[in-house]
Amino acid sequence: MSGYQYYPGCSLKGTGKPYEESLLAVAEALDIRLDELPDWNCCGATAYMAVDELQATTLATRNLAIAAADGRDLIAPCNACWLVLSKTAGHLADDPGLCSVVCGALQATCTIPNGDGPAPLSYDASVPIRHPLDVLVNDVGVETVAAAVTEPLEGLTVAPYYGCQIVRPLAPFDDQYDPVTMDRLLEAAGCDVLGDYPFKTRCCGASQMMTMPDVGVDLVAMLLEDAIARGADVIAVACPLCQFNLEAYQSKAFKRLGKKGRIPILYFTQLLGLAMGLSHRALGLQRSFVDVKPVLAGRSSDA
């Protein structure tokens, strides 16, 4: 069986739906097989680890165990999901005692179907957790992506925003301080990429919008203001929470700055799909809070 396992996580089935729609559409256009992980559960995000570390680890490990039964690489598009699953796999590998306790709990309470009926769920620490940026650049190849471009996004200036979770504390496929995988893909799509966007790995505020909203809004304002000042038409993201914060809190952020402004916050997969000639609806562009028509006028189909 070829292709990859696909772990959507909670966000891509909710507020991050355009990410899922555009990722699946781009994967189909590139003939990449993505099979959704059966019976997946929430990864626990980043907050649950502070509530109950053992339960949070077990929750995330259940997904890894299901994936291990298949054996193929597991793609986790959400930065938070990717980080949680990757850190969990690392913790289990580094701590045999923890791994034994977690695996014992899974075997006692969880099963997975096989040819002979339900079997106890187990985990053997053998599942690579991959991010779409990693897969598209290192497996598919930038040249293959570029060859699929039929409507290059020439003249569209894009600020590539990676956020903090796919570069800290881990950075297995890109540079921690100056990541370039998204830059390379957007350049293949014909975009004018801001190579001097220094805030590309700064935190967007994440869940601070709920706990310390003033801090969160300040962070969003900083990111938006700098991208616009450098001439960006669009900010490209790879994380549902980053996308939501940068888009949904724009009014508060610009009010804090004493300015008026709007800038679309799009998933990098949406931009790739546009360059491949896919329709706005197939890429979930109609779901954007910020009107994308002024910057995307005449590009691809609105159908």
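The values are calculated or read from the model by the stated rules, or taken from the named source; none is laboratory data. Predicted, not measured: the structure shown is a model, and the values here were computed from it. Here the Cβ is made from the backbone with ideal geometry for all residues, glycine too, and neighbour counts use every protein chain on show.
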Inset, instruction - State which residue is farthest from G14 (Cα to Cα) when the search covers only the range 80-115 and only residues that are of a type outside the set (F, W, Y) and crowded, with 24+ Cβ neighbours inside 10 Å. - result: V102
Inset, instruction - Among the residues of the range 1-44, write down those that are polar (S, T, N, Q), modelled with pLDDT under 95 and under 22 Å from G71 (Cα atoms). - result: S2, N41
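Conditions (1) within 15 Å of V237 (Cβ to Cβ); (2) at pLDDT below 95; (3) aliphatic (A, V, I, L, M), marked per residue:
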position	(1), (2), (3)
Y161	yes, no, no
P169	no, yes, no
P179	yes, no, no
G205	yes, yes, no
M210	no, yes, yes
G216	no, yes, no
L224	yes, no, yes
Inset, instruction - Would you check if there is a residue in the range 145-159 being in contact (Cβ under 8 Å) with a residue 60 or more places away in the chain, in contact with a Ser or Thr (Cβ under 9 Å, 6 or more places away or on another chain) and among the acidic types (D, E)? - result: yes
Inset, instruction - Keeping to the range 171-197, report how many residues are in a loop (DSSP other than H, G, I, E, B) and either surrounded by fewer than 18 Cβ atoms within 10 Å (Cβ to Cβ) or of a type outside the set (A, V, I, L, M, F, W, C) (or both). - result: 14
Legend entry - Subset of the range 277-295 [in contact (Cβ under 8 Å) with a residue 60 or more places away in the chain and in contact with a Leu (Cβ under 8 Å, 6 or more places away or on another chain)]: L283, L285, S288, V295
Legend entry - In the range 183-219, the residues that are in contact (Cβ under 8 Å) with a residue 60 or more places away in the chain and hydroxyl-bearing (S, T, Y): S207
